Amino acid sequence: PGSLLEKVLEKDLLMGLNARDPDRTWLVERHRPVTDFAQFLHLSEIQRLLDENPTLKSTFGGDYQIETDVCVGVENSSDPSARPFLHAAISSKWTIRSDRVQNVRHEFATLVRNRRGRSPHLIAVTAEPLPSRILSIARGTGEVDNVYHLLFEHLEIAIGDLWGDLSDVQKSAWTEMTEQKRLRPYSSLVSDLTLS
């Protein structure tokens, strides 16, 4: 199901971005290496050096061949021959397991630390129904900008209807995420991406 979600996001975002902001040349692709984008070109050279030298690799570790689930790029309008700019890195998760959330945080933190230029938007998209699980990725100090929920409006209605029956943990998680605007409806993602 993860691959299917990525394909749907790729198609939906490309159509939505082109319709909303046709003046920019949008690139939306699954699993494109970040080294294809302007702010991460230098990582190819770092990875080459690490691959060639086991001592360097054991000292500095790491794999700089990052591929996010879905990349949103923008062509350089002033220089069409230049590499595109990585506008957003999107991690897609049908559901959220707390042990896998750390992978997303680590990947996004690596992008922030190793960029040359402005950071891309760091986004997670999910259909996870439990607020406490969503909070495990929505809460933080900037590793993830926002979590966009595919069924936000439906979840909001369900939580309202079940409020008296929900545990305090679920109520608290929902309130925290929505009041701090860390959880947003997927329907607002295209608009949010074109505004910046």
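A few notes on this one:
- Considering only residues in the stretch 80-108 that are farther than 16 Å from Trp26 by Cβ and of a type in the set (Lys, Arg), the one that is farthest from the chain's Cα centre (by Cα) turns out to be Arg97.
- Verdict on Ser92 being among the small types (Gly, Ala, Ser), in contact with a helix residue (DSSP H, G or I) (Cβ under 6 Å, 6 or more places away or on another chain) and crowded, with 18+ Cβ neighbours inside 10 Å: yes
- Residue in the stretch 170-189 that is closer than 27 Å to Leu41 by Cα, at pLDDT 95 or above and buried (at least 21 other Cβ atoms within 10 Å of the Cβ) present: yes
- Checking each residue in the stretch 27-77 for being within 30 Å of Val190 (Cβ to Cβ), small (Gly, Ala, Ser) and either open to solvent by 40 Å² or more (accessible area, probe 1.4 Å) or modelled with pLDDT under 80 (or both) picks out Ala38, Ser77.
- Considering the stretch 121-157, and only residues there that are open to solvent by 40 Å² or more (accessible area, probe 1.4 Å) and aliphatic (A, V, I, L, M), the residue that is nearest to Val34 (Cα to Cα) turns out to be Leu150.
The values are calculated or read from the model by the stated rules, or taken from the named source; none is laboratory data. All values derive from a computational prediction rather than experimental measurement. Glycine also receives a Cβ, built like all others from the backbone with ideal geometry; neighbour counts cover every protein chain displayed. Each accessible area value is taken on the protein alone, full model and side chains, heavy atoms only, with ligands, DNA and RNA left out. Shrake-Rupley method; radii C 1.70, N 1.55, O 1.52, S 1.80 Å.
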